[in-house]
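Inspection log for the structure reproduced underneath, given as structure tokens.
The values are calculated or read from the model by the stated rules, or taken from the named source; none is laboratory data. Predicted model, so just to flag it, every value in this text is computed and none were measured. Neighbour counts are summed over all protein chains in view; Cβ atoms, including those assigned to glycine, are modelled from backbone coordinates with ideal geometry. These accessible areas exclude ligands, DNA and RNA; they are computed on the full protein's heavy atoms, side chains included. Shrake-Rupley method; radii C 1.70, N 1.55, O 1.52, S 1.80 Å.
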Amino acid sequence: MSLEAILPPERTLFGVPGGSKKRVLEFFSTFIAQNTPSLDSQEVFSRLIGRERLGSTGIGNGVAIPHARSPHCKAPIAGFLKLAEPVDFDAIDGEPVDLVFVLLVPEEADDAHLALLAQVAGVMNDADTRSGLRRSESQRELHERLIEAIRRQG
């Protein structure tokens, strides 16, 4: 299972309105439910918020990787959001977040799903990758740069 396979261009979103961590997670939950009939936006949102209560998924350097398990998720689903304005995400370094990589996995998630999370973290820990993503000026460019970074890391 590769990140590239679960992140199609239409789930790479550019210039997403921020506002707050809660608003960003609500936005993604609504967006993903509209695109994935088996998912319910309220259920996705409550699981993402529930995971955030355990500890922020803001990993530093302006990046967050919100993730959750969902009983209605048949296979891993990824989404990437480049926010129009950084938001406070309670990140470990205290910096606001503008790059958000969301991962939803089936309830019975196993080591393969942990590997996906580790792959996301590896890609997003690269300063050149983050810089390139921030310089992107369109959804297409953002997706291309992200896929390039995933391939380089893989």
Q. If you go through segment 18-34 one residue at a time, how many are open to solvent by 80 Å² or more (accessible area, probe 1.4 Å) and touching a residue at least 12 places away in the same chain (Cβ under 8 Å)?
A. 2
Q | Of residues in segment 66-110 being open to solvent by 40 Å² or more (accessible area, probe 1.4 Å) and of a type in the set (Gly, Ala, Ser), the one farthest from Asp126 (Cα to Cα) | A | Ala75
Q. Would you say Glu148 is acidic (Asp, Glu) and under 14 Å from Glu4 (Cα atoms)?
A. yes
**Q.** Residue among Gln153, Gln139, Gln119 that is touching a Gly at 6+ places or on another chain (Cβ under 7 Å) and either free of Cβ contacts under 8 Å to residues at least 60 places away in the same chain or closer than 20 Å to Leu13 by Cα (or both)
**A.** Gln153
Q: With the checklist (1) within 11 Å of the chain's Cα centre (by Cα); (2) crowded, with 22+ Cβ neighbours inside 10 Å in hand, flag the one item Val44 doesn't pass.
A: (1)
Q. Limited to segment 1-17, what total is found for residues that are surrounded by fewer than 17 Cβ atoms within 10 Å (Cβ to Cβ) and in contact with a strand residue (DSSP E or B) (Cβ under 6 Å, 6 or more places away or on another chain)?
A. 2
Q: May I ask you to list the residues in segment 7-29 that are of a type in the set (Ser, Thr, Tyr) and farther than 14 Å from Glu52 by Cβ?
A: Thr12
